[in-house]
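A short worksheet on the structure shown next.
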Amino acid sequence: MNPRKTAVAAALATLFLAGPGIAQAAPPAAPAPREQAAAATITWALERASNPTADQQAAYTLITSAMNAAVARYNNLSDLGKSITVRYDTSVPTADGNLNGTIRFGSNRSYMTERTALHEIAHTIGVGTSPGWSSLGGSGTWTGAQATALVRQFDGSSAKLSTGGGHFWPYGLNYENEFSGTAADRHVQIVAAMVRDGL
């Protein structure tokens, strides 16, 4: 057979076998873009003297280390958001945090720790400082379902979060001897659950 006729016959056979109306599938369409709410984050800034003394510079170094560790832990374990301004204020005996987003560290260096920073961040978020705190924690026991369920998951079915003086326990990190990696993680998780409860 003529090689040219063979090639034509093969081409016709291929077309015939494919048949009319058969098309290759189009590549799958890319999924439609979805809007995703970004997780909130906690940010902070330290107010510094323009020409700090040696005492101020030493305090700034300790405060920066404490706040960086605490903010990283909050941002890693929660979706809470807050913009915090931090000051070194020698008139403050220990440290304090306010719902308005300010934290003040006093001159006592033993309070310039991650434990203190975590505790004071909780105050800026509403622990002991918000109307939700009064309504859910004013009785001496936290009554919000989410944080209560979480402490029971950690400590057993009869566990509760006690409240008083603007603080909670366990996991409130009210004293340096309460600090551990596990307690710090649970502190953040409980504060986030309190927010979901209505803190």
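The values are calculated or read from the model by the stated rules, or taken from the named source; none is laboratory data. All of these numbers come straight from a predicted model, not from anything done at the bench. Glycine also receives a Cβ, built like all others from the backbone with ideal geometry; neighbour counts cover every protein chain displayed. Calculation scope for accessible area: heavy atoms of the full protein, side chains included, ligands and nucleic acids excluded. Shrake-Rupley method; radii C 1.70, N 1.55, O 1.52, S 1.80 Å.
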Could you tell me whether the stretch 147-160 includes any residue that is of a type in the set (Gly, Ala, Ser), in contact with a Lys or Arg (Cβ under 8 Å, 6 or more places away or on another chain) and outside any helix (DSSP H, G or I)?
-> yes
Long-range neighbours under 7 Å by Cβ, at least six apart or interchain, first residue within 17 Å of GLN57 (Cβ to Cβ) and among the aromatic types (Phe, Trp, Tyr) within the stretch 100-117, second modelled with pLDDT of 95 or more and open to solvent by 30 Å² or more (accessible area, probe 1.4 Å) = PHE105/TYR88; PHE105/TYR111
Could you list all residues from the stretch 70-84 that are surrounded by fewer than 16 Cβ atoms within 10 Å (Cβ to Cβ) and either of a type outside the set (Asp, Glu) or part of a strand (DSSP E or B) (or both)?
-> ALA72, ASN76, GLY81, SER83
Might you check whether a residue that is over 21 Å from ASN76 (Cβ atoms) and aromatic (Phe, Trp, Tyr) occurs anywhere in the stretch 111-134?
-> yes
Inspect the stretch 99-122 for any residue being open to solvent by 30 Å² or more (accessible area, probe 1.4 Å), in contact with a Phe, Trp or Tyr (Cβ under 7 Å, 6 or more places away or on another chain) and aromatic (Phe, Trp, Tyr) and give the result as yes or no.
-> yes
Is it fair to say ASP89 is at pLDDT 95 or above, touching a strand residue (DSSP E or B) at 6+ places or on another chain (Cβ under 6 Å) and closer than 26 Å to ALA193 by Cβ?
-> no
Looking at THR182, THR163, which is the one that is closer than 16 Å to ARG73 by Cβ and either in contact with a Gly (Cβ under 7 Å, 6 or more places away or on another chain) or in a helix (DSSP H, G or I) (or both)?
-> THR182
Is one or more of the residues making up the stretch 52-63 assigned to a loop (DSSP other than H, G, I, E, B) and modelled with pLDDT of 95 or more?
-> yes
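Looking at this structure, is THR141 hydroxyl-bearing (Ser, Thr, Tyr) and more than 21 Å from ASN75 (Cα to Cα)?
Numbers: hydroxyl-bearing (Ser, Thr, Tyr): yes; more than 21 Å from ASN75 (Cα to Cα): yes.
Against the criterion (hydroxyl-bearing (Ser, Thr, Tyr) and more than 21 Å from ASN75 (Cα to Cα)), THR141 qualifies.
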Pairs only if they're at least six apart or on different chains, beta carbon under 9 angstrom, first in the stretch 42-57 and β-branched (Val, Ile, Thr), second in a loop (DSSP other than H, G, I, E, B); list them, first residue then second.
-> ILE42/SER78; ILE42/LEU80; ILE42/GLY81; THR43/GLY81
The stretch 151-168 residues that are open to solvent by 70 Å² or more (accessible area, probe 1.4 Å), paired with ones that are of a type outside the set (Asp, Glu) and at pLDDT 95 or above (beta carbon under 6 Å, 6 or more apart) | ARG152/ALA159; LYS160/THR141
The one condition in (1) at pLDDT below 95; (2) more than 17 Å from LEU99 (Cα to Cα) that GLY165 fails to fulfil | (2)
Looking only at the stretch 99-142, which residues are touching a Ser or Thr at 6+ places or on another chain (Cβ under 7 Å) and either farther than 25 Å from LYS160 by Cα or among the basic types (Lys, Arg) (or both)?
-> GLY101, THR102, ILE103, GLY106, SER107, ASN108, TYR111
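Has the stretch 126-138 got any residue that is in contact with a Lys or Arg (Cβ under 9 Å, 6 or more places away or on another chain), surrounded by 14 or more Cβ atoms within 10 Å (Cβ to Cβ), touching a residue at least 12 places away in the same chain (Cβ under 8 Å) and outside any loop (DSSP other than H, G, I, E, B)?
So in the stretch 126-138, the residues in contact with a Lys or Arg (Cβ under 9 Å, 6 or more places away or on another chain) come out as none.
No: the stretch 126-138 contains no residue that is in contact with a Lys or Arg (Cβ under 9 Å, 6 or more places away or on another chain), surrounded by 14 or more Cβ atoms within 10 Å (Cβ to Cβ), touching a residue at least 12 places away in the same chain (Cβ under 8 Å) and outside any loop (DSSP other than H, G, I, E, B).
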